[in-house]
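Working notes, beginning with the structure itself.
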Amino acid sequence: MTENPSLSNLLREERRFAPPADLAANANVTAEAYEQAKADRLGFWAEQARRLTWATEPTETLDWSNPPFAKWFADGKLNVAYNCVDRHVEAGHGDRVAIHFEGEPGDSKAITYAELKDEVSRAANALTEIGVEKGDRVAIYLPMIPEAVVAMLACARIGAAHSVVFGGFSADAIATRIEDASAKLVITADGGYRRGKPSALKPAVDEAVARVDGVDKVLVVRRTGQEVDWTEGRDIWWHEITQKQPAEHTPEAFDAEQPLFILYTSGTTGKPKGILHTSGGYLTQTAYTHHAVFDLKPESDVYWCTADIGWVTGHSYITYGPLANGATQVMYEGTPDTPHQGRFWEIVQKYGVTILYTAPTVIRMFMKWGDDIPAKFDLSSLRVLGSVGEPINPEAWIWYRKHIGADKCPVVDTWWQTETGSMMISPLPGVTEAKPGSAQRPLPGISATVVDDEANEVPDGGGGYLVLTEPWPSMLRTIWGDDQRFLDTYWSRFEGRYFAGDGAKKDEDGDIWLLGRVDDVMLVSGHNISTTEVESALVSHPSVAEAAVVGAADETTGQAIVAFVILRGSAAETADLVGDLRSHVSKALGPIAKPKRILPVAELPKTRSGKIMRRLLRDVAENRELGDVTTLTDSTVMDLIQTKLPSAA
Ligand code: WT7
């Protein structure tokens, strides 16, 4: 990918935000960490591993004798669940709330570390009674309820690997994942609450389990109380089996490389990839990054990550990182607009949330709903705001800081992936002078850079592909059952380097700006133009709430830029406005980036994790029949968009 000189002012963002003085003065991590890690990267990680309690301290940090198959802390032994729960109780923090659960219908409950220890122990005993053993795989298909965390930790406690399947996925998706992982147990619920109604989960599990071999038992949490079909001898109520267990369970110490979980990522083509994460290195990096990037003070902070447990963000920053650090956190079951569009802010106010971690797509939705909604709530407890999942447009970043963070909270834009296991590139809230829209620098102990097609590192100001140049503790160990695919997907594009699949550029200070997946780069008249950059330019126009840009085949230019925009409430859809938007982009990015067509639409097609499905928009823009729409949150969105086409300029 070569940088087009006429686009060299892309994303020129002059605004800078220094860390608040009080936060900087008391920050968990200072600028010194970068120096220390640079001087001795492995020594730095060996020191971070001491945040954990090991049954056998590791003497070896990294075994890279068979790259890219890494072993971290290989001769160490630990129990992950003990680290997330028991040790906090032993340290005298048993009364500290681990989870403030907020159900969608408004039910709530606080679970202390002491209570969590009992729950996890009972569940571990129950799994053992059912016959789950070290090394087995357990599929988890649950709503956002505390039992999801308990189930994950119970697996970890007995050395079984969990594979959480997002509660919005179909029977098909569950079946493929159960099969690929050869799971012998599924943990599910009757249902969960979604948009004000109970939404069933068990029927999808029943259908999936009927189709695959090897699942002996299904544990069912009662959440909604709705009717369920029951298979005698296979189905067991969670409360019945766990309540009769003793609350004592002695955690066994496992090797640091014991598999902890498999999490499937869909990718653009082919069958889902089972990303394998292991124990010691994973927990070290999730705990360290949660401590460093959020500046977590476990005695006083109330942390809230709004992700679902079915995504890696929920694994690393609801279950493992925060609990390893003894944090108090909020867990919310439902959607942001049930029963009203201020629900998130009501929750922040109710629990005095100090650290909030959410996604750009959610932030843009709040922007669209209006500034007056968060303004009705007391958000003054907040002190650090995080973003993850896709590049955050500068306008959304600024809105987040201003309307949620009272124009004082640092915003940390954290770049990472299911595969990286933990955050990799992010500002540090007490150190970094923040730039809206940039993830900025690799965290201490992480090595990343941007290279061109020939694998040469680009100079400051250049653009290309993001690569990770050194192994890191929470890296994926392989793709479950498919080492070759692991090599081909991540390690074959650039020799000796991990290819993340993202386009990126370095600015004049060497800070990194993520430009989206490389599949989302358009080639217009021989110039590479990133969809993210054009989208950011569109969203910086006062009439645009959200934008999705695709390259559509074009006879003259190869690809032509087609933009789908959601207008803000007050903006009227006129020919003038469309003309205005085109010149706005042209002014911001140069005439080459001017969209050929701009189509105002009511909604954009998104996956359940909030990623825009550009593939479908490309189908529309190229007048093709739509491809697979099964992973869309709402498949009627595409019908609406297609009705827009005849009027397209
Ligand atoms: C892809 C990974 C990391 C947990 C959630 C997503 C994009 C993620 C950022 C960010 C720009 C980002 C990348 C990455 N992404 N965070 N802060 N800035 N892009 O996990 O589903 O594995 O997706 O999400 O394209 O490769 P995932």
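The values are calculated or read from the model by the stated rules, or taken from the named source; none is laboratory data. Note that this is a predicted model, so its numbers are computed, not measured. Cβ placement follows ideal geometry from the backbone for every residue including glycine, while neighbour counts extend to all protein chains displayed.
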Checklist outcome for this item: Checking VAL431, VAL458, VAL467 in turn, the sole residue that is touching a Phe, Trp or Tyr at 6+ places or on another chain (Cβ under 6 Å) and over 21 Å from ASN393 (Cβ atoms) turns out to be VAL467
Checklist entry - Residues of segment 366-397 being within 16 Å of the ligand (Cβ to nearest atom) and part of a helix (DSSP H, G or I), which ones? => result PRO394, GLU395, ALA396, TRP397
Item to check | Pick from segment 565-583, criterion of a type in the set (A, V, I, L, M, F, W, C) and either in contact with a Leu (Cβ under 8 Å, 6 or more places away or on another chain) or part of a loop (DSSP other than H, G, I, E, B) (or both), ranking: farthest from VAL539 (Cα to Cα) | outcome: ALA572
Item to check | Qualifying residues in segment 524-541 (those that are at pLDDT 85 or above and surrounded by fewer than 24 Cβ atoms within 10 Å (Cβ to Cβ)) - the one farthest from LYS368 (Cα to Cα) | outcome: VAL524
Checklist entry - Taking into account only those residues within segment 404-417 that are away from the ligand (no atom under 12 Å from the Cβ) and in a loop (DSSP other than H, G, I, E, B), which is surrounded by the most Cβ atoms within 10 Å (Cβ to Cβ)? => result PRO410
Checklist entry - If only one of GLU240, GLU252 is exposed (fewer than 13 other Cβ atoms within 10 Å of the Cβ) and of a type in the set (D, E, K, R), which one is it? => result GLU240
Next on the checklist: Would you confirm, using the coordinates I've provided, whether SER422 is in contact (Cβ under 8 Å) with a residue 40 or more places away in the chain, surrounded by fewer than 23 Cβ atoms within 10 Å (Cβ to Cβ), of a type in the set (Gly, Ala, Ser) and under 30 Å from GLY352 (Cβ atoms)?
Outcome noted: no
Checklist entry - What single numbered condition from (1) within 26 Å of ASP337 (Cα to Cα); (2) crowded, with 17+ Cβ neighbours inside 10 Å fails to hold for GLY106? => result (2)
Checklist entry - What are the residues in segment 143-157 that are crowded, with 24+ Cβ neighbours inside 10 Å and part of a loop (DSSP other than H, G, I, E, B), if any? => result PRO143, MET144
Checklist outcome for this item: All-but-one check, THR556 against (1) in contact with a strand residue (DSSP E or B) (Cβ under 7 Å, 6 or more places away or on another chain); (2) more than 15 Å from the ligand (Cβ to nearest atom); (3) among the β-branched types (Val, Ile, Thr), failing number (1)
Next on the checklist: Can you confirm whether VAL97 is of a type outside the set (D, E, K, R), within 30 Å of VAL353 (Cα to Cα), touching a residue at least 24 places away in the same chain (Cβ under 8 Å) and buried (at least 22 other Cβ atoms within 10 Å of the Cβ)?
Outcome noted: no
Checklist entry - Checking LYS71 against (1) within 21 Å of GLU252 (Cβ to Cβ); (2) touching a Phe, Trp or Tyr at 6+ places or on another chain (Cβ under 9 Å); (3) not in a strand (DSSP E or B), which test does it fail? => result (3)
Checklist entry - Do the conditions hold for VAL601, that is, is it β-branched (Val, Ile, Thr), on the phi < 0 side of the Ramachandran plot, buried (at least 20 other Cβ atoms within 10 Å of the Cβ) and away from the ligand (no atom under 16 Å from the Cβ)? => result yes
Next on the checklist: So for segment 418-437 (the condition being away from the ligand (no atom under 15 Å from the Cβ), farther than 23 Å from ILE347 by Cβ and aliphatic (A, V, I, L, M)), does at least one residue qualify?
Outcome noted: yes
Checklist entry - Out of all the residues in segment 340-361, is one or more part of a helix (DSSP H, G or I) and in contact with a Gly (Cβ under 7 Å, 6 or more places away or on another chain)? => result yes
Checklist outcome for this item: Considering residues that are of a type in the set (Ser, Thr, Tyr), within 14 Å of the ligand (Cβ to nearest atom) and over 20 Å from VAL85 (Cβ atoms), the number found within segment 290-323 is 2
Checklist entry - In segment 177-192, how many are without any contact (Cβ under 8 Å) to a residue 40 or more places away in the chain and either under 23 Å from GLU104 (Cβ atoms) or buried (at least 23 other Cβ atoms within 10 Å of the Cβ) (or both)? => result 2
Checklist entry - Is it true that some residue in segment 331-340 is among the hydrophobic types (A, V, I, L, M, F, W, C) and more than 16 Å from the ligand (Cβ to nearest atom)? => result yes
Checklist entry - For segment 499-529, how many residues meet the condition of being over 30 Å from SER182 (Cβ atoms) and within 11 Å of the ligand (Cβ to nearest atom)? => result 12
Checklist entry - Quick one: would you say SER586 is without any contact (Cβ under 8 Å) to a residue 24 or more places away in the chain and either within 16 Å of the ligand (Cβ to nearest atom) or on the phi < 0 side of the Ramachandran plot (or both)? => result yes
Checklist outcome for this item: By residue number, the members of segment 201-229 that are out of contact with any Asp or Glu (no Cβ under 9 Å at 6 or more places or on another chain) and exposed (fewer than 14 other Cβ atoms within 10 Å of the Cβ) are ALA210, ASP216
Checklist outcome for this item: When restricted to GLY496, GLY464, GLY445, GLY481, the only residue more than 28 Å from ASP295 (Cα to Cα), surrounded by 24 or more Cβ atoms within 10 Å (Cβ to Cβ) and more than 13 Å from the ligand (Cβ to nearest atom) is GLY464
